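Right, one structure below, let's go through it.
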Amino acid sequence: MKKEKPFREFSYPSLKKTYLIMRNAAFLLILGILQAYAVDTYSQKTKLSLDFSDTELIKVLDNIETESEFYFLYNEKLLDTERKVSIAANELSINSVLDNLFAGTDVKYTIIDRRSFWLLII
């Protein structure tokens, strides 16, 4: 009498090998997602305190560069660096500070780790 296997697909070696590869791939995928899920970046942890009144934008950005590890790249032809801004920030994130600086303008920015790239949307 032949012994009945509970899963007939495992009688084929190629299907068994495919199942093992899929199981290992799923395990590694889940492991990779869990490792990368809760990583805080520098821009989320850094808090800035600024107090400027009627100051040129370029001086405020230079001050942020000296207080933090951010480095700003922008085109002076597209960004009005002579514009006067006023900001009072106490322990705010860089996103909040930049949102306050560029409120009411068409300037959009992207933060990539410790570098901030500026784009002017017209």
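Numbers at a glance
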quantity: Radius 13 Å from Cβ of THR81, net charge of other residues (Lys, Arg +1; Asp, Glu -1); calculated: -1
quantity: Restraint check, LYS47/LYS77; LYS45/LYS84; LYS45/LYS108, Cα-Cα greater than 24 Å; calculated: LYS47/LYS77; LYS45/LYS84
quantity: Residue-span extension gain [GLN35 to ASN90] - 0.36 nm each, minus C-alpha spacing; calculated: 16.5 nm
quantity: Cβ charges +1 (Lys, Arg) and -1 (Asp, Glu), total dipole of the range 48-116, debye; calculated: 200 debye
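Every number here is computed from the coordinates shown, using simple stated rules; none is lab data. Here the structure is a predicted model, which means the values were calculated and not measured. As a convention, Cβ positions derive from the backbone with ideal geometry for all residues, glycine included, and neighbour counts pool all protein chains shown.
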